[in-house]
Each structure stands twice: as C-alpha cells, then as structure tokens.
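S.K.: Sharing a structure with you now.
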Amino acid sequence: MSVAAAPARLVDHFQHGLAAPICLTWELTYACNLACVHCLSSSGRRDPRELTTAQCKAVIDELERMQVFYVNIGGGEPTVRPDFWEIVDYAVAHHVGVKFSTNGVRITRDVAARLAGSDYIDVQISLDGATAEINDAVRGTGSYATAVRAMEHLADAGFAGFKLSVVVTRHNAGQLDAFKALADRYGAQLRLTRLRPSGRGADVWDELHPTAAQQRELYDWLVAHGEQVLTGDSFFHLSAYGQALPGLNLCGAGRVVCLIDPVGDVYACPFAIHDSFLAGNVREPGGFERVWRSSELFTELRAPQSGGACASCAHFDSCRGGCMAAKFFTGLPLDGPDPECVQGYGADALLARDDAGVPKPSGDHSHSRAAAGKPPRHGEPGRGGPGPVPVVIGRAPVSAAPVSACQQDPLAGFAPAATVGR
Ligand code: SF4
Ligand code: SF4
C-alpha cells in the first residue's frame, strides 16, 4: 500500500477506496425476535455457521490493526447473541468503538445505565412509525411499545444523543415532523434511511417505497431540516431536485462501505447481499484485511466507473445514478438510472423491465420460511449448509469503554488517510 497525494475533492479520494472502511457494518447474527417485513437481511433464525466468540474477537483484533475506529453492529437483533456484551466489551477495549442497532428488546433500565456510562458505545433504536399503528404494521405487534420503552430507559439514564432510526416508507413519509418530535422528546438524534429492495425488502418494495410526490416532500423536508438529522448515503439521489443534501454523494460500496455478515462473508454494502457483491470471507487466509484491500470485487468497484445512461444527465454530478443495490434488486442495469430517479427515468425503466430477470437476494433466515419447513431461498455458493436454528437469548453485563461516530454519515469524523493500492 502506498499513500496517494491528496486529491482536490474528498469524493474523488473516496472513489479509489481507503486503507480501511469508514462505515463498516457487522451483522453479528441472523437471529431476531421480530420479523419486520422489510428486513434487509431476511433475518429471523440464527445460522449455525455464525462466527464464534473467538472468531469475532479475531476479527476485532484485525480491525484494531487496520485502525478501524468503530463498527456499526447489527443483525438480526444483535443483543440476542449470548456473547453480545462480551464482544462489545472486547471491541471497545481494543479501541474499536461500537454503535449497535437494536429494536430495544434488551435495553432494560440496567443496560441503559451501563450504556450511558460509556463514551465509546452508541445505540440506535429502530422505529418505522411515529405511531404504534404505522410502526407495528411493518415491524410487528408490540414493537412500537418495546422501542419507546427502550428510549425511555436511555433518556432516564441520561444517555443523550442516541439515535432514533427510521426507514422512510409510503406509510410513514407523512410523519417526519412527528419522528423529529419523538426524537427530541427523548434527547435522541433522528436518522432517516432509505427503503432498499434488499432482503425481505425486495418483496415489499413496490408497495412500500415512497411515491414520487412523497420523495419530493422528503427532499423539501431534508432541505429544511437536513442539518439536524442523519441520513448517511440514503438520499443523495434526491439531490437531483436541485440543492445538494448533506452526506456522501456517491455510492461508497466497496470503497468506504462494506458489510461483514454473521457467517463472516464480506459484501460490498449491507444492502447488497448477493453473490454478485460477495468479496470474500474473514475466515479465509489474509482475513478481512485481504478482502478489503485486494479482493477482485472491491478492486473492480474502485476502478473508474462509467456514468452509462446517466452520464448525460444534468444532475449526474450530485446523483451519480443513485444506489447500486436499489438498481440491482429492482432488476435495472447498474449503469442506468436509480429506480427512484427524480427525473422519472427509473419509473420508466421499471415498467420496461423483464420481471423474470430480477435477482433474488441471497439467504433467507425468516421465521416464516423455517417455520413452514422451507429451505433457505437461495442455494447459492457459500450460502448452503445446514438450515437456521432457533434463537437463544442471553446476556452479560456491558462495561464502559471507548466510541466514535459514523452516525451513518460516511463523512463524520473522517480525516483523509491512505488510499488502497495507489
Ligand atoms: S449500494 Fe446503495 S446503499 Fe450500498 S453503498 Fe451504494 S448507495 Fe449506499
Ligand atoms: S437520470 Fe440518472 S443521474 Fe439523472 S437524476 Fe436520474 S438517476 Fe440521477
């Protein structure tokens, strides 16, 4: 690895990839107590091949050596792993801060108090409706109450600035002010993310993704409130309406973003769980570092990309054709417009697509398929093996230790460092 000269723009620097990911998502388990209809990883039941505690610690050792300052831990519901707190403690003790996403099921008063005592752990509570009616229709009966109770515990414990994370859908797009008020009530920060057609989300995307009119309203709302909410790379395709929105205006897949899934497979992005975006496995020789720095897929993603059909669009510099995963899982060409292209080209392309050619997400650990005795949906290489197994819930105490904050903004806290292989 060599260090490249500083480019004129940060975005140019990112396009060639970094020596370590800024936003590394690590899904610790497919186990989950809920069965959200849009779950990006089709979670529900644990996979028997999931990384062991020792293997998780080895990954953390590697992240420490690579100077990955923090990870976004998710799942499934990561807190149902019996060794969850042990892994969190190990990470922060090895200078890898943790932000974990949870539906709140394990955030008791005691846990909230322990979390509030750490500067190196951040918490993100998922909620997809500002009312129980809207939320529970997507996340399941009682999930609104569980999330609100967790937020109450965190607020009572004095945990300021935890995150309230919302996937914007057709049903909650009119509740943005209510979400903001809810976050403010508990001293949390609102995070809005895009519904991607990944995992079970592929099955409901057509009916749940915001309408064109709602996208415009969302854009206007973000223009007015964007500095107060976190959006990561969710809505840069909306910048084509006019004004650039805060965040990263390019797809960071394999460049600054990647996913380690529960069995150690490394994908270019948490929303691209498909063999086409599988770069390797942390258990292979060279581990995560080799995958990140020299896998064929990531090298390819870091090469200059053609703008394709979007290159001639006046908004290409801000929109860049939108989200790779959204295009892939709606069956649109990767070098064409985003399915939610604000110019309407994506909607036209969707009408013209061949539905038979729409790729299926890899893996399915849904409760329903397992309960019905169905095998995993996939069958693709690396996804075979024994079927999912029941969830075992347990916990150990968490201790205070070091966090940084990606806050789902790939730019947050970033200081340009070495690029990969340049
Ligand atoms: S594929 Fe989409 S979600 Fe993934 S990094 Fe690119 S823009 Fe973000
Ligand atoms: S045509 Fe392509 S670049 Fe232009 S707004 Fe649509 S998705 Fe973005």
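S.K.: Return one whole number: the accessible area per residue of segment 50-100 in Å², for a 1.4 Å probe. Can you show the working numbers first?
M.R.: Working: 1540 Å² over 51 residues.
With the other protein chains kept in place, segment 50-100 gives 30 Å² per residue.
S.K.: Rounded to a whole number, what % of the accessible area of segment 64-142 do carbon and sulfur atoms account for, probe 1.4 Å?
M.R.: 48
S.K.: I would also like to ask the following. Please list, in order along segment 223-239, the HN-Hα scalar couplings obtained from phi with the Karplus expression 6.51 cos²θ - 1.76 cosθ + 1.60 (θ = phi - 60°), rounded to whole Hz, x for Gly and Pro.
M.R.: 4, 6, 10, x, 6, 9, 10, 9, 9, x, 9, 5, 10, 5, 5, 7, 4
S.K.: Can you work out ³J(HN,Hα) from phi for every residue in segment 149-155, in order, using Karplus 6.51 cos²θ - 1.76 cosθ + 1.60 and θ = phi - 60°, giving whole Hz and x for Gly and Pro?
M.R.: Once rounded to whole Hz, the list reads 4, 4, 5, 4, 4, 5, 5.
S.K.: Report in % the part of the accessible area of segment 236-294 that belongs to carbon and sulfur, leaving out ligands and nucleic acids; probe 1.4 Å. Don't skip to the answer; put the middle values down first.
M.R.: Details: 840 of 1590 Å².
Here it works out to 53 percent.
S.K.: Quick one: Karplus J couplings for segment 305-313, per residue in order, coefficients 6.51, -1.76, 1.60, θ = phi - 60°, nearest Hz, x for Gly and Pro?
M.R.: With coefficients 6.51, -1.76 and 1.60, one gets 9, 7, x, x, 5, 7, 4, 8, 6 Hz.
S.K.: Any idea of the accessible area per residue across segment 121-227, 1.4 Å probe, to the nearest Å²?
M.R.: On the way: 3880 Å² over 107 residues.
Accessible surface, normalised per residue, equals 36 Å².
S.K.: Under 21 Å from the Cα of K57, which lysines turn up, not counting those fewer than eight places away in the same chain?
M.R.: Result set, ordered by chain and number: K99.
S.K.: So, for segment 239-288, what is the accessible surface per residue at a probe of 1.4 Å, expressed in square angstrom?
M.R.: So segment 239-288 comes to 26 Å² accessible per residue, rounded to a whole number.
S.K.: Still on this structure, please answer the following. Under 5 Å between amide H atoms, partner at least 5 residues away or on a different chain: which partners does D47 have, H built in plane at 1.01 Å?
M.R.: Amide H neighbours of D47: Y30, A31, V389.
S.K.: Turning to a different aspect of this structure: Given H placed 1.01 Å from N in the peptide plane, which residues other than close sequence neighbours of L230 have an amide H under 5 Å from its amide H?
M.R.: L190, R191, L192
S.K.: Once ligands and nucleic acids are excluded and a 1.4 Å probe is used, how much of K360 is accessible, expressed in Å² to the nearest 10?
M.R.: 120
The values are calculated or read from the model by the stated rules, or taken from the named source; none is laboratory data. Note that the structure is a prediction, hence the values are computed from the model and not measured. The protein model used for the area step is the full one, side chains on, heavy atoms only, and it has no ligands, DNA or RNA in it. Shrake-Rupley method; radii C 1.70, N 1.55, O 1.52, S 1.80 Å.
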